[in-house]
Amino acid sequence: AGLVAARCVVSSLGTDIGGSIRSPAACCGIYGLKPTSKRVSMFGMTPPTKLRFNLPPYLTQVIGPLSSSVDDLIINSDILFSSSVNNVDPFQAPCPLRI
């Protein structure tokens, strides 16, 4: 979030369980979006429960975009939510972005 706010990168991706996208975005004055669980493919990612701590089954990690403008956030969300990009994950919800 700091690099996006400092204009070092145009946009970024973050992971969120309990506020890791939303809180830094709010503190840095940028925009962040935590998608609904299973909206973005997590294929190839190691779940946090395997590394550090045990989570209840209703708390799942999601990937979401961080951007300096709402227009950039819409473009990044459209790419993340499209099923043609992530067609290897059978558990991804088939919900395209509707604007």
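Bear in mind these aren't lab numbers, they're just calculated from the coordinates by the rules spelled out. The structure displayed is predicted, hence computed values, not measured ones. Please note: Cβ atoms are built from the backbone with ideal geometry, for glycine as well, and neighbour counts cover all protein chains shown.
Observations
- Here the gap between CYS95 and TYR58, fully extended at 0.36 nm per residue and compared with their Cα-Cα distance, gives a gain of 11.3 nm.
- In range of the label at VAL10: residues from region 60-78 whose backbone nitrogen is under 14 Å from the point 7 Å along Cα→Cβ: 66-78
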